[in-house]
Each structure stands twice: as structure tokens, then as C-alpha cells.
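The values are calculated or read from the model by the stated rules, or taken from the named source; none is laboratory data. Everything quoted here is computed from the prediction, not taken from an experiment. So basically every Cβ, Gly included, is an ideal-geometry build from the backbone, and we count neighbours across all protein chains shown.
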Amino acid sequence: MRPNLAALALIAAGLLPSAKAETIHIAKQYGISYLPLIVMQEEKLLEAEGKARGLDLTAEFLTISNGATINDALISGNLEFASGGVGPMLTIWGKTRSNLKVRGVAALNAMPIWLNTSNPNVKALHDFGPGDKIALPAVKVTIQAVVLEMAATQEFGLKAFDRYDALTVSLGHPDAQTALMSFKSEINAHFTSAPFMYEELTDPRIHRVLDSYQVLGGPHTFNAVWATTAFHDSHPKEYAAFLAALDRAQKLIKADPHHAAELYLHNEGGKIPLERVAEIIAKPENEWTMQPKQVMKFAHFMHETGAVSTDPTDWKELFFPEIHQGGGN
């Protein structure tokens, strides 16, 4: 059958869709650490990369407060791409090795997370007691919960890894920040990320107790994106479009933090001044990269504590091959 040259001409001119319209559902959470996905959303980068590959894609971004809920949505088939901290990614990787085979797509960043408190008597981790309440996005599974357990292990040994779990409370970052800074809530500590951790410390009554970079011994991946093997294998063009869009977003952030800050504020709102957001984005400790960093430290620890049943031997077991060539650890 000869091709319809008129239709092909219209497709090339962008006047006809080249393929059936397809919606790609992407979950993100709150905070500047999800900036690459926010840039993708605001600049419609996935749609542009899809069009370049002959696809008619629409990206639907869903903001969900914690990785555990996002994982449930991925398992139920309501997402194509999930995102969150390394903890939830490793959890679902371990749980789906015999079925969905979820693996990482790419890192979103390397960023620290800080544990802040309003309790003047807490100068170090060991000062926390039964009367303290530490807010984090979800108990046990989030990267904040894992880092807290890693810090407890470093100070008291592996048998005491869950020493502070009983003090943790599940609460989304915006609500946790409000509770901490109100000084009227039982929440007197918050294990959080940018911009919340920086904004909390603008109040002199709040101070930092723990920095995840100190616990891990240097910069580490904070957030990543993951997907099922079924989607990766059956939708190669869509997957490639997503990776290309993410790469474009990362480059835009590094090239123009001010514009990235504008996109962030348009997407998430808030009362933080534009220049302050741009300053946070450009801070040296906040690295915009797709390459995983120190994920194996998280994996080994979560295996030791029983959170992940399988201990990977290489970071490449955790991520799909497309990201392997860039290096990671």
C-alpha cells in the first residue's frame, strides 16, 4: 500500500497528530527537589520530545505527599512514572522483583535533607526524647526515615536502628513546616528538604540537628524517578521522550536558575521571594543531575534492617540500562 503523501505532509507540518493521543501520568511531591519535573510540566518538554518522535503525548502531573502512596498508585496502574526519595524507590524495587520489576529511571538531584527542631534542649540526635515528635512525609519508608535510622545506627549500633521510629509522625512537608513554625503543635522537629528546611531556619528559635550529607559522608541522591519494566519495554519511544525531556529540564535549571525559580513559584506558589528561590536552586550543595549517587549505601542499609529483602551487588541492578553509561554509585 502506497503511503498517503498528503497525510504525511500534514503530520510533518504539525497539523495532524502522528499517533493516537496518549496521556503519561507522572507523580511528584512537594519542594524544590522536584524542580526538574516542574520544569518539564511548565515548559511542556515531554510533549515536545514526544512530538519529535512522532508521538502525541500529554503529560499529567499529580502531586502526592509521600512515596508510599505514589508506589501504591504505580502498582495499581495509575502512573507511568513515579518519583520520590531513594527509600521508596528501593522499597518497591525489592517488593516487585518477581512481578512488576520496578527499576529506577534516573536521579532527579543530589541534595541534602536536614532535621530541624524548635526544642532548645536538643543539640544532637541523642538529645531527642519521648516528648519529641519528628514530622516526615511517611514513617519507616521515606528517605528521611531511612536517614534517621542510619544516623541512629552510627551512634548506637545496628540493633538500635529504629531507636527514633516511635517519635516520627507522617505529615506532608508544607503542613509539617506550618506546625513546627507555629510553636503550638506537638510537632517540634521536622526532617525535611528544600525549600522548607531553609525557610524554617529563618526563625532563630529553630535550629538544625542533622544533615544527611554528614550521615552519608557526602552528596547523595535525594530523589529519583522509577517505572515498571512492562512500561519500559512496551513503550520505548515514550520512555526515551521522558528521559530526553528530563535532560532538557536539568540543563535549563543549571543554565538559568532565575527562570527555573519563576517556573517553580508559578507551579507551587508560596510566599518565598523569587530571588530567594533562585538562590536555593543555585546553592552548591544542591546538584541537578540524573546520575545516581550513593544509592548502594541506602540499599545495603535497608537490606540489613529488613526493609529490602534483596541486597543488590551493583547500582545498575536498580536502574534501567539507559542511565548506566553516565556512571553512578
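Can you tell me which of Leu136, Leu100, Leu108, Leu115 is crowded, with 21+ Cβ neighbours inside 10 Å and farther than 15 Å from Leu167 by Cα?
Answer to the selection: Leu108.
Suppose we filter Ala255, Ala244 for residues that are surrounded by fewer than 17 Cβ atoms within 10 Å (Cβ to Cβ) and either closer than 21 Å to Ala107 by Cα or touching a strand residue (DSSP E or B) at 6+ places or on another chain (Cβ under 6 Å) (or both); which single one remains?
Ala255
If we scan the range 213-235, do we find a residue that is part of a strand (DSSP E or B), closer than 29 Å to Arg103 by Cβ and small (Gly, Ala, Ser)?
yes
For the range 88-149, which strands (runs of 3 or more DSSP E) that fit wholly inside it have 2 or more residues that are touching a residue at least 60 places away in the same chain (Cβ under 8 Å) and either of a type outside the set (Val, Ile, Thr) or over 29 Å from Ala27 (Cα atoms) (or both)?
Because the criterion is at least 2 residues that are touching a residue at least 60 places away in the same chain (Cβ under 8 Å) and either of a type outside the set (Val, Ile, Thr) or over 29 Å from Ala27 (Cα atoms) (or both), the strands (runs of 3 or more DSSP E) in the range 88-149 that meet it are 103-107, 114-117.
Do you know which residues across the range 103-130 are in the same structural domain as Leu210 (by TED's automatic domain parsing) and among the basic types (Lys, Arg)?
Lys123, the sole residue that qualifies.
Any idea which of Ala68, Ala73, Ala82 is crowded, with 22+ Cβ neighbours inside 10 Å and not acidic (Asp, Glu)?
Just a single option satisfies the conditions, and that option is Ala82.
Which of (1) among the basic types (Lys, Arg); (2) closer than 20 Å to Gly50 by Cβ; (3) not in a helix (DSSP H, G or I) is the odd one out, the single condition Lys271 does not satisfy?
Status for Lys271: all satisfied but (2).
Restricted to the range 173-193, and to residues that are outside any helix (DSSP H, G or I) and under 23 Å from Ala152 (Cα atoms), which residue is nearest to the chain's Cα centre (by Cα)?
For the range 173-193, the residue satisfying everything is Ser193.
Condition first: under 14 Å from Ile323 (Cα atoms) and not in a loop (DSSP other than H, G, I, E, B). Can you find one or more residues in the range 246-257 that meet it?
Checking the range 246-257: at least one residue is under 14 Å from Ile323 (Cα atoms) and not in a loop (DSSP other than H, G, I, E, B).
Just to be sure I understand the filter: pairs with C-beta atoms under 7 Å, separated by 6 or more residues or on different chains, first member in the range 252-281 and over 18 Å from Leu45 (Cβ atoms), second member assigned to a helix (DSSP H, G or I) and of a type in the set (D, E, K, R). Which pairs pass?
Pairs found: Ile272/Glu199; Leu274/Glu262.
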